1. Divide by every residue of the chain the summed helix terms, -39500 (n - 2.57) for each DSSP H run of at least 4, and state the resulting mean residue ellipticity at 222 nm, rounded to the nearest 500 deg cm²/dmol.
2. Once the Cα atoms of helix 135-165 and of the chain are each reduced to a long axis, what angle between those two axes, in degrees from 0 to 90 to the nearest 10, is obtained?
3. Say R0 is 41 Å: what FRET efficiency, to the nearest 0.05, do LEU316 and ASN110 get from their beta-carbon distance?
4. Using a 1.4 angstrom probe on the protein heavy atoms only, could you order TYR66, TYR213 from most to least accessible area?
5. So if a site counts as exposed when it's one of the GluC sites (Glu not before Pro), its DSSP state isn't H, G, I, E or B, and it has at most 16 other Cβ atoms within 10 Å, what's the longest stretch of the chain without one?
6. Quick one: which of LYS102/LYS154; LYS212/LYS308; LYS238/LYS308; LYS128/LYS155 span more than 29 angstrom between C-alpha atoms?
7. If contacts are Cα pairs under 8 angstrom and at least 6 residues apart, what is the relative contact order of the chain in percent?
8. Helix 41-54 sits at what angle to the longest principal axis of the chain, using alpha carbons and giving 0 to 90 degrees rounded to 10?
Amino acid sequence: MYSKRFLINVLVALLPLALNAKTSRDSVYMEATLNTYSINFDKVVPVVEQYINENSLLINSKTQNYEQVYYNVVMTDAQYNAIKQQLEGWKCAVLNSTETTKNLSREIENQSVSIERLKSDIRDLEAKIAKVKNDSIAEELESELYEKRESLRKKNRNLSEGYASIGTVNLNFYLMRDETSPRQTKVRFVNMPGFEYSFLMVGNPKPGFSAKYYNGYNLKYLFTRGKTFVTLGVFKAKDVAATDSTTLTDAFNISFGQDFYSRHFGRGSRKCFNMYSGYNVGFMAFRGENSSAKTIYVSPTVGVELFKNRYVLWDLRGSYYLPFKYNYDLRGWQFSTSFNVAF
């Protein structure tokens, strides 16, 4: 009995070596993710659905709402490469993609070893039950035997699934609506107050009227993810003589602005260095000791988000300040940095 048990344990110990020669070469499985978007979302979704059905791809799960459709699909490596080639024809742009290759040989080996041990335990239990005459002990052994058989059934199923997944690709496919299309954009509100520092350099300052440099301090409130915002604050002139009573030294500012992500730069999907363009329109009331001026202005802008996540946003922008009145004497370059926090 003991020699038989020892022989079984030796065989079980050697089994991984035998299995490794068979499974290590071909036991490859891939998990992939494709994040895409399309300006023709409503037209593309039925085309993707038709492609999946015509090629008999196995759909594990699917979710769809106004903004996106998600598929978890199992396919061969050839079918996965075919889908990537189809994206351009479907007019789908790829935001990002990941591919993770896994070798299942070790997992299959461990499952096989565990199965052999369970089979050995089951044979031993069956032998014990055949010899036991005490009913209570027999019942305990029968209960233990049932649990072993159930465990063996589950492990056999897992092993079969492991073998079935070899050479396949488990694809998480996301297709999102292009939010840069005004007709299809769904406004998503956020609550992100913050602070903005600005530096205005007047291109052609008029002596006795406008200063060369102004520092700006603004409260900035983002209220859509787009991003749409308002600012409220003041500007203070630099390097103006205390005896100068005519130069505009202070200004009150209120403005409204919007920023837009380009589909060519990832549409704001990254945590760092998302480029954007936009505009800012507002009202500024300048004031000196003995002078004043009021004007509406517009500023085309370009910028980059230095860092963002769900809770904070830090960005840097440049714009050209164009007042409707006193244009020649006040227009110039404006550079700003802001930091906003979500509440």
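1. Calculated mean residue ellipticity at 222 nm is -11000 deg cm²/dmol.
2. 50 degrees
3. Working: r = 52 Å, r/R0 = 1.27.
That gives a FRET efficiency of 0.20.
4. TYR66, TYR213
5. Working: sites that count: GLU67, GLU289.
Free of exposed loop sites, the longest segment is 68-288.
6. Working: LYS102/LYS154 22 Å; LYS212/LYS308 33 Å; LYS238/LYS308 32 Å; LYS128/LYS155 24 Å.
In this structure, LYS212/LYS308; LYS238/LYS308 exceed 29 Å between Cα atoms.
7. Details: 706 pairs, mean separation 53.3, N = 343.
After rounding, I find 16 percent.
8. Once rounded, one gets 20 degrees.
The values are calculated or read from the model by the stated rules, or taken from the named source; none is laboratory data. Quick caveat: nothing in here was measured; it's all calculated off a predicted structure. Cβ sites come from the backbone with ideal geometry, for glycine too, and all protein chains shown count toward neighbours. Side chains are part of the model used for accessible areas, which takes the heavy atoms of the whole protein and leaves out ligands, DNA and RNA. Shrake-Rupley method; radii C 1.70, N 1.55, O 1.52, S 1.80 Å.
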